[in-house]
Amino acid sequence: AGNGPGASGASFLSLPVGARSIALGETGAALPRDPFTWLSNPALMPFAEGSGVGAFHSQWTLDTYYDNVIAKHALSRFVSIGAAFTYLSSPDIPGYDDIGVPTADVGNSNLQGIVGVGFEPLPGLGAGLNVKYLQERIADYTGRGWAADAGAAWITGFREIALGAAVQNLGSDITYIAESEKLPTTL
């Protein structure tokens, strides 16, 4: 378990998704029309027009990759729903027993499943909520948890200027056997 200031579990939840958001300094909370930004701010879901699916693959660090698959459907001009799945894969890491003797390599992976809803109650004004199931696995140990994201957005209509705010990863600690770690809550 990580201890000290800034320590948290499930750090993969803070990884950015979508080339446009990453290229613009991870400003996904205020990027309308991008199909991936509802993962950062669920209030943007109604502004990604229509329905569709998407996939995103990225290398986080050496030999560690994360993949995202999303689907979004506009129920009406005012309400959209979405689902997403993220999987982070890493190479096996060296294993050691309790006294430090090397053992077999240890597998590890992380995943999250997301369902979300976004509303546009007034033209240019959005609100949304995502609910997430998350899991981290190392060897035979699995940590699980639940989280939510909430957001608001305003598409000003002036020169492509949009304002957005979101809070991500509000939820219970991720628990491994008897240890718990806080989620990386982001504003």
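At-a-glance table
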item	result
Sequence of 185, 64, 142 from largest to smallest accessible area, 1.4 Å probe	185, 142, 64
Full-stretch length increase - residue 96, residue 179 - with 0.36 nm per residue and alpha-carbon distance subtracted	27.9 nm
Normalised contact order of the stretch 88-187, rounded percent, pairs of Cα under 8 Å and 6 or more residues apart	18
Radius of gyration, Dmax [the stretch 40-97; alpha carbons; angstrom]	16.4, 57
Added length on full extension, which subtracts the Cα-Cα distance from 0.36 nm per residue, residue 63 to residue 165	33.5 nm
Over the chain: Kirkwood hydrodynamic radius from C-alpha pairwise inverse distances, Å	17.4
Student exercise, the chain dipole from Lys, Arg, Asp, Glu Cβ charges, in Debye to nearest 20	900
DSSP-assigned coil residues among chymotrypsin sites (Phe, Trp or Tyr not before Pro) in the stretch 134-187, each with at most 13 further Cβ atoms within 10 Å	158
Rg and Dmax of the stretch 84-187, Cα atoms only, in Å	19.2, 64
Overall Cα dimensions of the stretch 132-187, principal axis frame, Å, largest first	53, 17, 13
Length-normalised contact order for the chain - Cα pairs under 8 Å, 6+ apart - percent	21
Neighbour-limited loop hits for trypsin sites (Lys or Arg not before Pro), the stretch 110-176 (at most 16 other Cβ within 10 Å; DSSP other than H, G, I, E, B)	159
Positive-pole candidate from 83, 48, 130, dipole of the chain, charges at beta carbon	48
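The values are calculated or read from the model by the stated rules, or taken from the named source; none is laboratory data. Note that the structure is predicted; figures quoted are calculated from it, not measured. Note: ideal-geometry Cβ built from the backbone for every residue, glycine included; neighbour counts use all protein chains shown. In case anyone asks, the SASA skips ligands and DNA or RNA and just uses the protein heavy atoms, side chains included. Shrake-Rupley method; radii C 1.70, N 1.55, O 1.52, S 1.80 Å.
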